[in-house]
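One structure is given here, and the rest of the page talks about it.
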Amino acid sequence: MKVLICDKTENEYIEQMRAAGLTVDVQDTITPEELFNVLPAYDGMVVRSRTKVRKDLIDVCPNLKVIVRGGAGLDTIDHEYAKSKGIAVMNTPLANSASVAELTIGFMLMMARSLYAASATMKAEKWEKKAFNGDEIGGKVLGLIGVGNIGKEVARRASAMDMTVIAYDPFVKEIVGVKLVTLDELLAQADYISLHLPKTKESANMIGAEQFAKMKKGVRIVNAARGGIIEDNALYEALTSGKVAGAALDVFAEEPPTDWKVVKLDNVIAAPHIGASTKEAQGRVGAEVAQKLIEFAKK
């Protein structure tokens, strides 16, 4: 089986695939335009969040049998269409969970203690101790929208830090240590809200002006899931009005963003989609990608 690696993958696991008899080519900076010319020669492809696999690309690849996404989501792939063409679509849902969960907790701590602003003043050679009177996250209510693999990891860590964890997820019936509530109940009760769900037709822009109006004044929000779940203009209004005290964003509707107005607000912490960017997560992703492709090739 001939496989094209389209995005960064650890070399150790590329060599594992080759040792198992797969022909593996690496073009991890390939452009969308180049992909149309190159991919038709391959049976399989490995992608991360950078490479998009849409219907028009699938249509020019009659030999394509498998797409493996190194990561949790499938929103960068027209996966239902691919499956209708007989192409297997796989991801690595567990590999990134711990890294994204730790980033989420880190974001909450940064907002609670204004660490980004405090560090910036020190770099400017200012000693503004009295300007930074923060909050403890212990004793606060964390509302998780989505409690899949990552949401569960966040809940476990937050509980260990003495937070009360509630969650909204219509696909989950029960989760130990977490009280399941309606979305409206979560919005009304949470001191921190963290998103951990895929972007779908149903979840696109699900947090807008109506939802912000139901939140506590001074709530803080983390989105390390997918951009486009929170409506940007509504978030901007909530942040500038004081309804939302702070937001921490790792994902954006467009990456990189074309409109930076939310990111530039003083009460916003932002990162360039680094939730899975740890050595440990990259290793787990590479191992799982290799395992899935090797097993697929044996069928």
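The values are calculated or read from the model by the stated rules, or taken from the named source; none is laboratory data. What you are looking at is a predicted structure, and each value in this text was computed from that prediction instead of being measured. So basically every Cβ, Gly included, is an ideal-geometry build from the backbone, and we count neighbours across all protein chains shown.
The table below lists the values:
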item	result
Options 35, 4; residue that is in contact with a Ser or Thr (Cβ under 8 Å, 6 or more places away or on another chain) and of a type outside the set (S, T, N, Q)	35
Residues satisfying the stated conditions in the stretch 133-170, i.e. in a helix (DSSP H, G or I) and surrounded by fewer than 23 Cβ atoms within 10 Å (Cβ to Cβ)	149, 152, 153, 156, 157, 159, 160
Test: residue in the stretch 260-268 that is within 17 Å of residue 218 (Cα to Cα) and under 14 Å from the mean Cα position of the chain (by Cα)	no
Filter pass, residue 119 being crowded, with 22+ Cβ neighbours inside 10 Å, under 23 Å from residue 248 (Cα atoms), modelled with pLDDT of 95 or more and of a type in the set (Gly, Ala, Ser)	no
Candidate set from the stretch 78-107 (those that are touching a residue at least 40 places away in the same chain (Cβ under 8 Å) and in a loop (DSSP other than H, G, I, E, B)); member that is surrounded by the most Cβ atoms within 10 Å (Cβ to Cβ)	96
All positions within the stretch 46-62 that are within 24 Å of residue 286 (Cβ to Cβ) and either of a type in the set (Phe, Trp, Tyr) or part of a loop (DSSP other than H, G, I, E, B) (or both)	48, 49, 50, 51, 52, 61
Qualifying residue in the stretch 65-73 (condition: on the phi < 0 side of the Ramachandran plot, in a helix (DSSP H, G or I) and either of a type in the set (D, E, K, R) or surrounded by 20 or more Cβ atoms within 10 Å (Cβ to Cβ) (or both))	no
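Every residue, every condition in (1) surrounded by 21 or more Cβ atoms within 10 Å (Cβ to Cβ); (2) out of contact with any Phe, Trp or Tyr (no Cβ under 8 Å at 6 or more places or on another chain); (3) in a strand (DSSP E or B); (4) not hydrophobic (A, V, I, L, M, F, W, C), yes or no:
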{"position": "247", "(1), (2), (3), (4)": "yes, yes, yes, no"}
{"position": "253", "(1), (2), (3), (4)": "no, yes, no, no"}
{"position": "261", "(1), (2), (3), (4)": "no, no, no, yes"}
{"position": "264", "(1), (2), (3), (4)": "no, yes, no, yes"}
{"position": "273", "(1), (2), (3), (4)": "no, no, no, yes"}
{"position": "276", "(1), (2), (3), (4)": "yes, yes, no, no"}
{"position": "282", "(1), (2), (3), (4)": "no, yes, no, yes"}
{"position": "292", "(1), (2), (3), (4)": "no, yes, no, yes"}
